[in-house]
Each structure stands twice: as C-alpha cells, then as structure tokens.
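Asker: The structure is given below, and queries will be raised subsequently.
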Amino acid sequence: MIVPIEIIEHLSTDHLGAQYKQIFEYLNDKINISEFDIAAQINKTINETRAILYQLTSFNLVSSRKKKDPNKGWYVHYWSLNPSEIIYFYRKSLTKQIEELQNKIYYEKENEFYKCQGCGERLSIDEALNISFQCPECGSYLEPIDNSKLIERLESRLIVLKEKMISSVTITTKIKIRIPQLN
Ligand SMILES: [Zn+2]
C-alpha cells in the first residue's frame, strides 16, 4: 500500500464519492493497470470506468500511458495513481475544512443564540432581535441557549483535523514518488 487508507477514505467520502474508493484501493499497490482490468475489478462498463478515470485525471490524482494493443491494433490506456498529488489534494482539503471549522467556532463564540421553545428553530441574537424574540413559524417565545457544548465538539473536531494535517507531513516524506513507466 502506498497511499494510507485513511486518506483514501477521506477523499472518497468527503470529496469524490464512494465510486472512487474502489479504484484508489485497486491501484494503490499497482502500476500501469489496463483500463479493462480496472473496469472488470470495479464491475463497471469500460465507458463508465473511463469517465471516472478522466474525472480523477482532472484533479491530477491518476495518470495514464497509452500503448497500442498488438493484436487488436487499438490503443489501451494504462493507469497509475499519483501518490504525491493525492497527498497534496488531501492536504488542501484538510486546510479548507480547518478554515471552515475555525470560522464556525469564531461565529459560535462571538454570537449569542436563541431557540424557539415551540418548534426548535435556532437563531442568532441579531435574527432574534429582528423578530422581537417571537418565532415567525409558531409564535412561541425564543429562549437564550448555551452553545458551549457545541463549541467543545467543534473544537475537538478541529484538534482531530489538525492532527491529521501534522501526520500528513510524515506521510508525504514516507511516500516514494513512483514514475510510471511502460515498456
Ligand atoms: Zn417556533
């Protein structure tokens, strides 16, 4: 295995979608794999497989070499992962998530929030002021809520993301950058 499974899972669930996970996992310890073998492995038609591979190419996460099939006379693409680009993409995605979370934590800390006792609608103090603390949906009065538990949860998620970021540096130095070659 070249790219750690947690990175594959992160990218497949948070960014690209589950259909990519199979391709990442299959190609992870291989090099120059025919698109027909990939299609057979992931149980999709060759056109569906190519569409997925081209999408991954647009993010530079895979690359291919083409070679003429000596028997059939047409060109076949042979695919490999780009581990260093995958790590780069992963770090970019972590950076974005960390920034978003930091902004959210800041917003939660800097604002007061109110909740409707009737329907549970959550509003910031500015929104609550605008409607004189009376819910437009159900008419009930809004009560101030304590968001400290939410902030704690967001902060522990932030710690996890920052730890992932730190360990990704170690991963980057461990990964051997392979240059796909085809004879
Ligand atoms: Zn309400």
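Asker: Before we move on, is T49 among the polar types (S, T, N, Q) and either closer than 18 Å to R91 by Cα or touching a Ser or Thr at 6+ places or on another chain (Cβ under 6 Å) (or both)?
Answerer: no
Asker: Let me ask something else about it. Could we say that S64 is small (G, A, S) and not in a helix (DSSP H, G or I) here?
Answerer: yes
Asker: K44 - would you say it is among the basic types (K, R) and outside any loop (DSSP other than H, G, I, E, B)?
Answerer: The answer is no for K44.
Asker: Got a sec? Which strands (runs of 3 or more DSSP E) wholly within the range 80-152 have at least 3 residues that are in contact (Cβ under 8 Å) with a residue 40 or more places away in the chain, within 16 Å of the ligand (Cβ to nearest atom) and loosely packed, with under 12 Cβ neighbours inside 10 Å?
Answerer: none
Every number in this text was worked out from the coordinates using simple rules, so none of it is lab data. Because the structure is predicted, anything quoted here is derived from the model rather than measured. In this analysis, Cβ positions are derived from the backbone assuming ideal geometry, glycine residues included, and neighbour counts consider all displayed protein chains.
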